[in-house]
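Inspection log for the structure reproduced underneath, given as structure tokens.
The values are calculated or read from the model by the stated rules, or taken from the named source; none is laboratory data. Note that the structure is a prediction, hence the values are computed from the model and not measured. So basically every Cβ, Gly included, is an ideal-geometry build from the backbone, and we count neighbours across all protein chains shown. Surface accessibility is based on the protein's heavy atoms, side chains included, excluding ligands, DNA and RNA. Shrake-Rupley method; radii C 1.70, N 1.55, O 1.52, S 1.80 Å.
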Amino acid sequence: MSRRRRIYEGKAKTLYEGPEPGTLIQFFKDDATAFNKKKHEIVDGKGVLNNRISEYIFTQLTRVGIPNHFIKRINMREQLIKEVEIIPVEVIVRNISAGTLSERLGIPEGEVLPRSIIEFCYKKDELNDPLVSEEHITAFGWASPQEIDDMMALAIRVNDFLSGLFLGVGIQLVDFKIELGRLWENDIMRIVVADEISPDSCRLWDIKTNEKMDKDRFRRDLGGLVDSYQEVARRLGIMNENDPKRGKGPVLVKSDKT
Ligand code: TYD
């Protein structure tokens, strides 16, 4: 595994050269970081869970026709992906106020937003991934106006799909971040969803208890991160193959609100 050429070392993942041109291998590490790496710990088992959860979500995205970079999971920690040119802009979609939105605008955490809100952050660790507008993105040439439209349309589709997926298993999708990339196929370029979608990049709250089931458990020192990620995986029906109780597909969790 480690004899493959390393292309990029990220905070939670490493990218290696893939078996064929145009492919890469994405390796999920156990590193948990927050506040631009000021907080860093190794959380045993996180990488394995994120690999499985992200595999499940990307497979479902493919099923509903949302273009993405995922090809297949290779083993417990690795997946084969299509090589894309990552756009240096993170897209955040918010349904409920939390995190930096609450801090910036003084909106208490947990308020349902009047509508889903899209934000852009410039991917630049040295600058703490600052919030930017479409003006910045086009003026500095990070993406064209047409690409921004495509990115927003994809983000909304992912939000609609993921909100329903999680609601079906008793989890509220508060917000999430996606990364997008340019994929060339036969001289045609299209924007696709890349990177990962996991409890590291989403805020997920239990519908009944509002308990956090995401990386805020680490950011806010709440403990029990792996247990929460495991519970997300269990509810999505993707726990360990050896688990005799495991079902296929989402497990319905009844909400008191229905
Ligand atoms: P946000 O509240 O802006 O920042 P923070 O995570 O620092 O509180 O995050 C909104 C959502 O996007 C949240 O689910 C975490 C995710 N996110 C990332 O995964 N990576 C990032 O670099 C950023 C800025 C956000």
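Points worth noting:
- Listed residues Pro21, Ala34, Ile57: farthest to the positive end of the dipole of the stretch 1-117 (Cβ charges): Pro21
- Cβ-Cβ distance of Glu134 and Lys72, R₀ of 22 Å, FRET efficiency by 1/(1 + (r/R0)^6): the value works out to about 0.05.
- Solvent-accessible area, 1.4 Å probe, carbon plus sulfur percent, for the stretch 1-58: 50 percent
- Residue-count net charge about Asn95 - beta-carbon cut-off 10 Å; Lys, Arg +1, Asp, Glu -1: +2
- Stokes-Einstein diffusion of the chain at 4 °C, 1.567 mPa s viscosity, Kirkwood radius from Cα pairs, rounded to a whole number: 68 µm²/s.
- Accessible area per residue, Å², the chain with all protein chains present, probe 1.4 Å: 51 Å²
- Too-long pairs where the Cα-Cα distance tops 28 Å, listed order kept, from Lys46/Lys82; Lys38/Lys208; Lys13/Lys124: Lys38/Lys208
- In this Cβ point-charge picture (+1 for Lys and Arg, -1 for Asp and Glu), the chain has a dipole of about 840 debye about its Cα centre.
- Heavy-atom accessible surface of Glu111, to the nearest 10 Å², is about 90 Å², with a 1.4 Å probe and all protein chains retained.
- Here the accessible area of the stretch 110-220 is 51 percent carbon and sulfur, with a 1.4 angstrom probe and all protein chains present.
- Estimated purely from DSSP H runs of n ≥ 4, each contributing -39500 (n - 2.57), the mean residue ellipticity at 222 nm for the chain is -8000 deg cm²/dmol once divided by its residues.
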